[in-house]
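Sharing a structure, written as structure tokens. Questions coming.
The values are calculated or read from the model by the stated rules, or taken from the named source; none is laboratory data. Worth saying up front: this structure is predicted, and the values here are computed from it rather than measured. Virtual Cβ from ideal backbone geometry, glycine too; neighbours counted across all protein chains shown.
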């Protein structure tokens, strides 16, 4: 390799930090240890990084940053790349975190929330009683936001078809299980509570929540189709 077109590991990290501020020498060494990169070495044993090596590292770091892919998945894609095979495209990004988590302050009274949802006021009491809404919202001082209104509106539609509020508790329990599962994905990012970590965690949670909703809808639709076909 022409030494004029190659960089030492320190020089490579300095260049990468323009796009990846968290890039470090130890991280690059770790990628090599894990078999994702294979920089050549000089006769003295020093690593050399050429344009192709740097582009490979950028690909790895982008997959981690933008798509939150684990290294084993990235390594599999790189193996296909090395064999000249077309790599599996990265999944399309989910909704922006800021838009997904946008909500109103809990400012609506129970009566206002019921009116906004087009539902009877006593339904809110039933939803709170059976744990579909937050039990803390049982007090006269309780306030509701637009997510609560969406829950009330959807519940009223299902009640109109013969379900009861107590039947809907299963949906709250299912949502809680999903949250517990997704929380594990972001534990490391949120542990240090840095702005960058919180941003990445928000993007990841918005994406997996959207994917979970699409998966659940597809599964339910498939099962209901079988109900109709019997």
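Name the residues in region 43-53 that are in contact (Cβ under 8 Å) with a residue 24 or more places away in the chain and surrounded by fewer than 18 Cβ atoms within 10 Å (Cβ to Cβ), would you? Walk me through it before giving the result.
Initially, region 43-53 is screened for residues in contact (Cβ under 8 Å) with a residue 24 or more places away in the chain, giving 46-51, 53.
Listed by number, the residues that qualify are 46, 50, 51.
Looking at region 17-38, which of the residues that are under 19 Å from residue 81 (Cβ atoms) and touching a residue at least 24 places away in the same chain (Cβ under 8 Å) is surrounded by the most Cβ atoms within 10 Å (Cβ to Cβ)?
Start the filter on region 17-38 by keeping residues that are under 19 Å from residue 81 (Cβ atoms), which leaves 28, 31-32, 34-38.
If we keep only those that are touching a residue at least 24 places away in the same chain (Cβ under 8 Å) as well, we get 28, 31, 34-36.
On the way: 28: 23, 31: 20, 34: 13, 35: 11, 36: 18.
It comes out as 28.
Pairs under 9 Å by beta carbon, first residue assigned by TED's automatic domain parsing to the domain that holds residue 205 and under 10 Å from residue 203 (Cα atoms) in region 94-121, partner outside any helix (DSSP H, G or I) and at pLDDT 80 or above, six or more apart or different chains?
Cβ pairs passing all conditions: none.
Still on this structure: If you go through region 91-106, how many residues are modelled with pLDDT of 80 or more and exposed (fewer than 11 other Cβ atoms within 10 Å of the Cβ)?
Going through region 91-106 one residue at a time, the tally reaches 2.
Could I ask something else about it? Looking only at region 186-210, how many residues end up being surrounded by 14 or more Cβ atoms within 10 Å (Cβ to Cβ) and touching a residue at least 40 places away in the same chain (Cβ under 8 Å)? Step through it out loud before you land on a result.
At the first step, the residues of region 186-210 found to be surrounded by 14 or more Cβ atoms within 10 Å (Cβ to Cβ) are 186, 189-190, 197-198, 200-210.
Still in the list and also touching a residue at least 40 places away in the same chain (Cβ under 8 Å): 200, 202-210.
Within region 186-210, residues that are surrounded by 14 or more Cβ atoms within 10 Å (Cβ to Cβ) and touching a residue at least 40 places away in the same chain (Cβ under 8 Å) number 10.
Here's a check for you: in region 3-16, which residue that is touching a residue at least 40 places away in the same chain (Cβ under 8 Å) and surrounded by fewer than 13 Cβ atoms within 10 Å (Cβ to Cβ) is nearest to residue 196 (Cα to Cα)? First the steps, then the outcome.
In the first step, residues of region 3-16 are kept if they are touching a residue at least 40 places away in the same chain (Cβ under 8 Å); the result is 3, 5-9, 12, 16.
Next cut, surrounded by fewer than 13 Cβ atoms within 10 Å (Cβ to Cβ) only: 3, 5.
Values: 3: 36, 5: 33 Å.
Top of the filtered list is 5.
Does residue 167 qualify as being loosely packed, with under 11 Cβ neighbours inside 10 Å and either touching a helix residue (DSSP H, G or I) at 6+ places or on another chain (Cβ under 8 Å) or free of Cβ contacts under 8 Å to residues at least 12 places away in the same chain (or both)? Let's see the steps before the verdict.
Working: loosely packed, with under 11 Cβ neighbours inside 10 Å: no; either touching a helix residue (DSSP H, G or I) at 6+ places or on another chain (Cβ under 8 Å) or free of Cβ contacts under 8 Å to residues at least 12 places away in the same chain (or both): yes.
Criteria not met by residue 167.
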